[in-house]
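Below you'll find the structure, written out as structure tokens, and then a few comments.
The values are calculated or read from the model by the stated rules, or taken from the named source; none is laboratory data. Quick caveat, the model's predicted, so the values are computed rather than measured. In this analysis, Cβ positions are derived from the backbone assuming ideal geometry, glycine residues included, and neighbour counts consider all displayed protein chains.
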Amino acid sequence: MLNSTYKSPISPSVSWYEDSLSERPVYSALEDDVQCDVVVIGGGFCGLSAAYHLAKGGSSVVLIEAYRFGDGASGRNGGQIGTGQRYGVVELEEQFGFERAKALFQIAENAKQNLHDIAGENNFEYDYLPGQISCLYKARDVEEEKQFIAVMNEKYDYDKISFIDKAKTSELLGTDLYHGGALDQGTGHIHPMKYVVGLAKSASNAGAKMCENTKATGIESTKSASGETVIKVKTAKGTITAQNCIMATNAYGDDLEPVTARHVLPIQSFIGATEPLGDELNVLPEKHSVDDSRFMLRYYRKTKDNRLLFGGREAYTSAWPTDVGKHIRKQMVELYPHLQDVPFTHAWGGSVGITPSRLPFVREVKPGVISAAGFSGHGVMMANYTGRMMAESLMGKTSELDVIKDLDISAFPGGRTFSKPLLFLALTWFAFLDKF
Ligand SMILES: Cc1cc2nc3c(=O)[nH]c(=O)nc-3n(C[C@H](O)[C@H](O)[C@H](O)COP(=O)(O)OP(=O)(O)OC[C@H]3O[C@@H](n4cnc5c(N)ncnc54)[C@H](O)[C@@H]3O)c2cc1C
């Protein structure tokens, strides 16, 4: 155990993930001006993955992270991988037609596989545990869920998902609050901070220059005398000059670039970790991960060492709550009343970047600068894979990114200033509807 005393400026409380690492290597800050092919801003899954693939492909790359790698959402999330895009295949098909929906589904399948492949190729541990259950909070949703599963099995050739009834759901969860659910054996959950550490090391080993505590304070895109795009990214101690820039700042890049900020809003989400639970407590005996069908969803899972990591409560203000654990505990005890007296060893939170349609925002925001953000609670695999797709697209290796890049993601009306109060009202209303 690291027993970390590091307090990220992004989140005042130390996560269990960080504390449970055996190492978290430190990377030096940028001290001088440098030149490279591609500068990557943001050291979460997306930026780290982009840096790894660029370096592996022979490009010179500099990655800068304002704090430490994984301090954003990537090192503090629920660790659930999921299947498909954040938006279901049925809704995608209604909006884009079958071919496009299938292509988006296939990208998500590739993203899933990519997680395992990269860890395998570079030989790092990330505590993968298989099995994911999406549970139904309302009885009236059972028929729709069965139809969704039939579509997945028959139309999308995905046979790893099946319906489980109320009794089976209760047996696998250790609570009878739900009316059934979908058991997906083709996905699972990971220790995200171990993944961050492994990926950062892999990028560094592949030859990327990796800088922590280096905040980008401005991005300039101009044309040289010969007509080539020149990018200059400013930091406190040095300027990085490059031909291309990948922006992977997600919900944390507020003040850096206005187009991304208009399309992606931060929502805070919180997680509490219990001490290791004895088997007699009968909580997720097979260590599945779970999310539920409420608009204000609960997401939880067992770790390898038998802790319950329970995520839920969301907040739409930037103020950090003083009682992170207290609210999460209430939601956990609603499901598992017998955990009333089991303490949280850690409680923490982070910002989830969301878009209006819950599909990722990937766009060239100025010449030579491509931004990817707003994975809407689905970035464990998708942020990783989008980083890869951006890197490979810059190196001319694949056009897979086009399927995502062309998506018409609208901006939040009124930008961040006006959207936050409106979003607060809308989400509070949907949370109220969850009760009926
Ligand atoms: C509590 C919580 C639970 C979640 N649970 C899940 C889950 O179970 N499954 C799932 O799929 N997704 C989940 N997510 C979402 C998922 O974590 C994200 O989609 C994913 O990590 C996004 O990765 P990223 O690299 O795009 O962004 P981040 O990991 O947020 O990285 C962005 C980085 O950019 C840096 N940065 C910002 N501005 C600058 C600057 N000016 N200069 C330099 N660096 C800068 C930040 O410091 C940050 O480290 C959850 C998120 C949270 C917060």
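Number of residues in segment 27-47 that are more than 27 Å from the chain's Cα centre (by Cα) and not in a strand (DSSP E or B) equals 3. Taken across segment 226-246, residues that are in contact (Cβ under 8 Å) with a residue 60 or more places away in the chain, in contact with a helix residue (DSSP H, G or I) (Cβ under 7 Å, 6 or more places away or on another chain) and among the small types (G, A, S) do not occur at all. Residue check: Y158 meets all listed conditions (1) over 30 Å from P285 (Cα atoms); (2) assigned to a loop (DSSP other than H, G, I, E, B); (3) within 25 Å of the chain's Cα centre (by Cα) but one, namely (1).
Surrounded by fewer than 19 Cβ atoms within 10 Å (Cβ to Cβ), modelled with pLDDT under 95 and over 29 Å from Y300 (Cα atoms): does that describe Q35? Taking the combined requirement at face value, the residue does not satisfy it. T398 fulfils the conditions (1) touching a strand residue (DSSP E or B) at 6+ places or on another chain (Cβ under 6 Å); (2) β-branched (V, I, T); (3) away from the ligand (no atom under 13 Å from the Cβ) except for a single criterion, (1).
Taking the conditions exactly as written (surrounded by fewer than 20 Cβ atoms within 10 Å (Cβ to Cβ) and under 16 Å from the mean Cα position of the chain (by Cα)), does R388 satisfy them or not?
On the way: surrounded by fewer than 20 Cβ atoms within 10 Å (Cβ to Cβ): no; under 16 Å from the mean Cα position of the chain (by Cα): yes.
No; evaluated as a whole, the condition is false for this residue.
Applying the criterion of being part of a loop (DSSP other than H, G, I, E, B) and among the polar types (S, T, N, Q) to the residues of segment 339-378, the residue that is surrounded by the fewest Cβ atoms within 10 Å (Cβ to Cβ) is Q340. Specify which of the listed residues (I133, I118) is touching a residue at least 40 places away in the same chain (Cβ under 8 Å), within 23 Å of the chain's Cα centre (by Cα) and not assigned by TED's automatic domain parsing to the domain that holds E99. Only one candidate qualifies: I133. Scanning segment 390-411 for residues that are free of Cβ contacts under 8 Å to residues at least 24 places away in the same chain, of a type outside the set (S, T, N, Q) and assigned to a loop (DSSP other than H, G, I, E, B) yields G396, D406, D408. Just the residues that are surrounded by 18 or more Cβ atoms within 10 Å (Cβ to Cβ) and part of a strand (DSSP E or B), please, taken from segment 167-223. Result: G181, A182, L183, D184, T187, G188, H189, K209, M210, C211, I219. Taking segment 234-245 as the range and being among the aliphatic types (A, V, I, L, M) and touching a Ser or Thr at 6+ places or on another chain (Cβ under 8 Å) as the test, only A236 passes.
So which residues in segment 343-373 are of a type outside the set (A, V, I, L, M, F, W, C) and under 18 Å from K112 (Cα atoms)? Residue satisfying the conditions is P360 alone.
Do we have any residue at all in segment 98-105 that's part of a loop (DSSP other than H, G, I, E, B), surrounded by fewer than 22 Cβ atoms within 10 Å (Cβ to Cβ) and within 16 Å of the ligand (Cβ to nearest atom)?
No - not one qualifying residue is present in segment 98-105.
Restrict the check to segment 216-227 and report whether at least one residue is closer than 19 Å to S351 by Cβ, within 13 Å of the ligand (Cβ to nearest atom) and modelled with pLDDT of 95 or more. Yes; the residues of segment 216-227 include at least one that is closer than 19 Å to S351 by Cβ, within 13 Å of the ligand (Cβ to nearest atom) and modelled with pLDDT of 95 or more.
Residues checked against (1) within 13 Å of the ligand (Cβ to nearest atom); (2) in the same structural domain as S289 (by TED's automatic domain parsing):
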residue: G349; (1), (2): yes, yes
residue: E364; (1), (2): no, no
residue: G377; (1), (2): yes, no
residue: M390; (1), (2): yes, no
residue: S393; (1), (2): no, no
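Could you check D71 against (1) within 16 Å of the ligand (Cβ to nearest atom); (2) in a helix (DSSP H, G or I) and say which number it fails? Condition not satisfied by D71: (2).
Filtering E286, E257, E275 for residues that are within 13 Å of the ligand (Cβ to nearest atom), acidic (D, E) and either in contact (Cβ under 8 Å) with a residue 12 or more places away in the chain or outside the structural domain of L136 (by TED's automatic domain parsing) (or both) leaves a single hit, E257.
Can you find even one residue in segment 314-324 that is within 13 Å of the ligand (Cβ to nearest atom), modelled with pLDDT of 95 or more, under 21 Å from the mean Cα position of the chain (by Cα) and among the small types (G, A, S)? Checked segment 314-324: no residue is within 13 Å of the ligand (Cβ to nearest atom), modelled with pLDDT of 95 or more, under 21 Å from the mean Cα position of the chain (by Cα) and among the small types (G, A, S).
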